[in-house]
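Q: My questions all concern the structure below.
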Amino acid sequence: MNRNIIVLCLCAFSILYACKVQKESGTRGTNTTAAIVAPGTKPDSLPLPPIAAFDMTPLSPAQSQKAFQVPAGYHMELVASEPMITEPVVITWDGDAKMYVAQMETYTQDADGTGTKEAKSRVILLEDTNNDGKMDKRSVFIKDLVLPRMLLCVNHELLVNETDTYDIYSYKDTNGDGVADEKKAVYTVGKVAPGNLEHQRSGLDWNLDNYIYQTVDPVRFRYVDGMLQPDSLHSGSNGQWGLTHDNYGRLFFSRGGGENAGSGFQINPKYGALEFADAYSEEKFSPVWSSISNPDVQGGPKRLRSDSTLNHFTAANGQAIFRGDRLPADIVGDYIINEPVARIVRRAKVINRAGKTYLENAYDRQEFISSTDFFFRPVNTYTGPDGLLYIVDMNRGIIQESNWTRKGSFLRNKIDQYGLAKINQRGRIWRLVHDGYQAGPKPKMLDVPASDLLKHLDHPNGWWRDNAQKQIIVLGDKSVVPALTQMATGQQGSLPKAPSALGRLHALWTLEGLQAINKEVLYTALKDPDPQVRRAAVWISESYVKQNDQAIIEHLGKMLNDGHDDVKIQLLLSLGSSKNERAKQLAKDILAQNPNHTMLNSVKNSLDKNEDFRIYGSRLGSFAAADRKLLLQGAEIYQSMCSPCHGGDGKGLASNAAPALVGSKHLNGDKSNAIRILLHGLKGPIEGKTYPSEMPAMKDNTDEWIAAVLSYGRYEFAANRNAAMRNKPLLIVQPDEVKKLRDQHRKVKQSWTAEDLAKLAPTASK
């Protein structure tokens, strides 16, 4: 028998066995571990169940609760489930711990994506009125939305972004009935956000530095006078679904499309992009360890082990740094990220070595949380107000958007075979608890004076610190500035105790957010015994450096011999882009004193590239205005959407998620084939090499969008760009060329193969 047929048959037997476990785990709980498909188990060693054992009946919340596998001492508690919530994707809490839930209620309701963009989704408001940890009061806060994807509570308002728009609106309930009755725009672009819904933004993360960050789009915000003020990120943003930060303002992105479970965490994106191939081990970190077979994978058989368990991250998303105070201390600061295809939640240690950040799985060939519930689909994680870890579970059959579930694909065949499209309109919110720890008290941060919030800046739960800082800044009450100044400089003042390093850190940034920081406070903070407070003081000093304040610059110069790598790195970041001659010399001195420091040298390269992006327009001055516009649009699109798979420099990623584009004949040769690939996708071997995923179709985007990204790619990744630029009409792809091929191939439903393209005659110039 053909070897491939044997493998497929074994995969089919594994799913039958997994379905048997799915049924049993709901009735016998976690004591059924002997029946679970263990990672690495050979298929021929499994007892093959009879066809009658095949059962895809979804588990009840109680059954699903028993299906979790967690380390000793931990267990999962149900916070909310259907019918109270359906299709949950994002949660957030206001200052009084009321929970808002964004529901994508039209997301992939069948494998063809019928009705996906209908305005039927909602934001639900939930409350726990008896403090037992379970939500018992519900109202529909907002209805008739198109797949809401970002939420942020600001005082009594909820900021919301929907799919297909850049615009962000504020919603408010003015009469206390749990339903929003006031809506206003806080950020308006006024044009449709293009692309597949999986390739659009997420986040709205109010970071320690008082900027609000999002993924994908190259912009961050400040909240000023009830509006969001944008600030451009010259090197683009990062990530896909999910965004978080740690105690010190380090952002953590992830790139599901690039099969990358962590990215963008070396430096803040305002300074550029910096990635290291060895930031985590491809051999030890990238493999995932499921407790149940996972045959419904978009990558097909090459993404499955012989036991039909997923072999590698494919849909990493919804990450959090756990910063709570009601779980064991050894989990605080760990990186928590989901893999919904594997039905697992990864826990990783965040390691700092000489200022460079690494991620390491906390367990050897195991996961922190796994489930034998076939429909467990974790898509977001959070530190909660009660100090516990929260997990949002869509609990559904199909987790991929319909662009990846087209007829004829491996995934579509599995969806149809097992009836996965029928399992939707469900959803659970879980919290992870530990024996011997009690949930923390409910906060009361709304409708209280700013002075009452000061003590929360030193709370052991990071959620409280973040929200107290945000609320004080939003209130704008500068009567607390003297107390904040005392706190930032380590004085006890009226507080119950002298502030910890984290308390001093938040006091500094709260002063910055109130525009009440002064140089004397910074001078003290620059000498703080804690390196993260010193680092923050350097970071905050940038506003003075930009004003050419020589006194501040000289104080920074005294820190060149600071013993902590993070401080030296921040000095280079804060001084490295300055036009001030003394600042530039200090940046050179840092590098001269640390010639073999990997992180410092890499930061310098990132700063230089970031400056190149800032002035990119001047290098394109020889192009016609319309062509220059296409290239600039394409650069923005590429950095946000294409770089997660092909790499920011077009040379591919260490994970080999997709081919390199530098010198690619498909991109830089015949225009026609480049257009065809972007319109309809590309599958199969490429120049004799296979890749984990195929290039998806991008035909949902406009002709101009496709022309822009192709023009940028042909310009940026030509084998000889100077030679390519000598014939600009052949380099640039025009929208009408895209339209011509779109019309010509309107009946094409499948992705092209390299062989298909070789047979087609060029219709556009090379």
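The values are calculated or read from the model by the stated rules, or taken from the named source; none is laboratory data. Just so you know, these numbers come straight off a predicted model, no measurement behind them. Neighbour counts run over all protein chains shown; Cβ positions are idealised from the backbone, glycine included.
Q: Among the numbered conditions (1) at pLDDT 95 or above; (2) surrounded by fewer than 21 Cβ atoms within 10 Å (Cβ to Cβ); (3) more than 29 Å from the chain's Cα centre (by Cα); (4) closer than 23 Å to V448 by Cα, tell me where L484 comes up short.
A: Tallying (1) at pLDDT 95 or above; (2) surrounded by fewer than 21 Cβ atoms within 10 Å (Cβ to Cβ); (3) more than 29 Å from the chain's Cα centre (by Cα); (4) closer than 23 Å to V448 by Cα, L484 fails exactly one: (2).
Q: Would you confirm whether or not the range 252-272 contains a residue that is acidic (D, E), closer than 21 Å to K651 by Cα, part of a loop (DSSP other than H, G, I, E, B) and in contact with a Leu (Cβ under 9 Å, 6 or more places away or on another chain)?
A: Initial filter on the range 252-272 (acidic (D, E)): 259.
Adding the requirement that they be closer than 21 Å to K651 by Cα leaves 259.
From what is left, the residues that are part of a loop (DSSP other than H, G, I, E, B) are 259.
Filter again for in contact with a Leu (Cβ under 9 Å, 6 or more places away or on another chain), leaving 259.
Within the range 252-272, one or more residues are acidic (D, E), closer than 21 Å to K651 by Cα, part of a loop (DSSP other than H, G, I, E, B) and in contact with a Leu (Cβ under 9 Å, 6 or more places away or on another chain).
Q: On the given criteria, is M641 closer than 20 Å to N403 by Cβ and outside any loop (DSSP other than H, G, I, E, B)?
A: When the stated conditions are applied, M641 passes them.
Q: Another question about this same structure. What is the number of the single condition among (1) part of a loop (DSSP other than H, G, I, E, B); (2) over 14 Å from the mean Cα position of the chain (by Cα); (3) of a type in the set (D, E) that D217 does not meet?
A: Tallying (1) part of a loop (DSSP other than H, G, I, E, B); (2) over 14 Å from the mean Cα position of the chain (by Cα); (3) of a type in the set (D, E), D217 fails exactly one: (2).
Q: Kindly indicate which of K747, K699 is free of Cβ contacts under 8 Å to residues at least 40 places away in the same chain, assigned to a loop (DSSP other than H, G, I, E, B), at negative phi and not hydrophobic (A, V, I, L, M, F, W, C).
A: Criteria check complete, one pass: K747.
Q: Out of the residues in the range 334-362 that are touching a strand residue (DSSP E or B) at 6+ places or on another chain (Cβ under 7 Å) and outside any strand (DSSP E or B), which is nearest to W289 (Cα to Cα)? I'd like the intermediate steps shown before the answer.
A: From the range 334-362, those touching a strand residue (DSSP E or B) at 6+ places or on another chain (Cβ under 7 Å) are 334-351, 357-362; that's our starting set.
Checking which are outside any strand (DSSP E or B) leaves us with 334, 340-343, 362.
Working: D334: 18, P340: 12, V341: 11, A342: 7, R343: 9, A362: 13 Å.
Step by step, filter the range 334-362, then rank; the result is A342.
Q: Also, I was wondering about something else. Among H646, H666, which is the only one that is crowded, with 23+ Cβ neighbours inside 10 Å and at pLDDT below 90? Outline the logic, then answer.
A: On the way: H666 fails: crowded, with 23+ Cβ neighbours inside 10 Å.
Among H646, H666, only H646 is crowded, with 23+ Cβ neighbours inside 10 Å and at pLDDT below 90.
Q: Please go through the range 679-696 and give me each residue that is free of Cβ contacts under 8 Å to residues at least 40 places away in the same chain and farther than 21 Å from N260 by Cα, ordered by number.
A: Result: G688, single match.
Q: Against the condition acidic (D, E) and more than 25 Å from the chain's Cα centre (by Cα), how does D670 come out, does it pass?
A: So D670 fits the description; yes.
Q: Right, another one. May I ask you to list the residues in the range 97-115 that are among the polar types (S, T, N, Q) and touching a Leu at 6+ places or on another chain (Cβ under 7 Å)? Step through it out loud before you land on a result.
A: Within the range 97-115, the subset among the polar types (S, T, N, Q) is 103, 106, 108-109, 114.
Within the range 97-115, T106 is the sole residue that qualifies.
Q: Same structure again: For I336, are the conditions met, namely being β-branched (V, I, T) and surrounded by fewer than 24 Cβ atoms within 10 Å (Cβ to Cβ)?
A: no
Q: Could you tell me whether any residue of the range 261-272 is buried (at least 24 other Cβ atoms within 10 Å of the Cβ), at pLDDT 90 or above, more than 20 Å from Y211 (Cα to Cα) and not charged (D, E, K, R)?
A: Yes, the range 261-272 contains at least one residue that is buried (at least 24 other Cβ atoms within 10 Å of the Cβ), at pLDDT 90 or above, more than 20 Å from Y211 (Cα to Cα) and not charged (D, E, K, R).
Q: With D562, D649, D608, D612 as the choices, which residue is charged (D, E, K, R), within 24 Å of N238 (Cβ to Cβ) and not in a helix (DSSP H, G or I)? Steps first, please.
A: Numbers: D562 fails: within 24 Å of N238 (Cβ to Cβ); D608 fails: not in a helix (DSSP H, G or I); D612 fails: not in a helix (DSSP H, G or I).
Of D562, D649, D608, D612, the one residue that is charged (D, E, K, R), within 24 Å of N238 (Cβ to Cβ) and not in a helix (DSSP H, G or I) is D649.
Q: From (1) buried (at least 17 other Cβ atoms within 10 Å of the Cβ); (2) at pLDDT 95 or above; (3) over 23 Å from P88 (Cβ atoms), pick out the condition that doesn't hold for G427.
A: (3)
Q: Still on this structure, please answer the following. Quick test for you: out of I686, I675, pick the one residue that is over 28 Å from Q214 (Cβ atoms), β-branched (V, I, T) and surrounded by fewer than 21 Cβ atoms within 10 Å (Cβ to Cβ).
A: Only one candidate qualifies: I686.
Q: Which ranges mark the strands (runs of 3 or more DSSP E) fully within the range 70-155 that have 1 or more residues being touching a helix residue (DSSP H, G or I) at 6+ places or on another chain (Cβ under 7 Å), more than 22 Å from V379 (Cα to Cα) and in contact (Cβ under 8 Å) with a residue 60 or more places away in the chain?
A: Fully inside the range 70-155 and qualifying: 148-154.
Q: Mind listing just one residue for me: the one in the range 682-696 that is in a loop (DSSP other than H, G, I, E, B) and under 26 Å from the mean Cα position of the chain (by Cα) and, of those, nearest to R746 (Cα to Cα)?
A: Top of the filtered list is P696.
Q: Among N352, N317, which is in the same structural domain as H199 (by TED's automatic domain parsing), polar (S, T, N, Q), touching a residue at least 40 places away in the same chain (Cβ under 8 Å) and surrounded by 21 or more Cβ atoms within 10 Å (Cβ to Cβ)?
A: Working: N352 fails: surrounded by 21 or more Cβ atoms within 10 Å (Cβ to Cβ).
Only one candidate passes the filter, namely N317.
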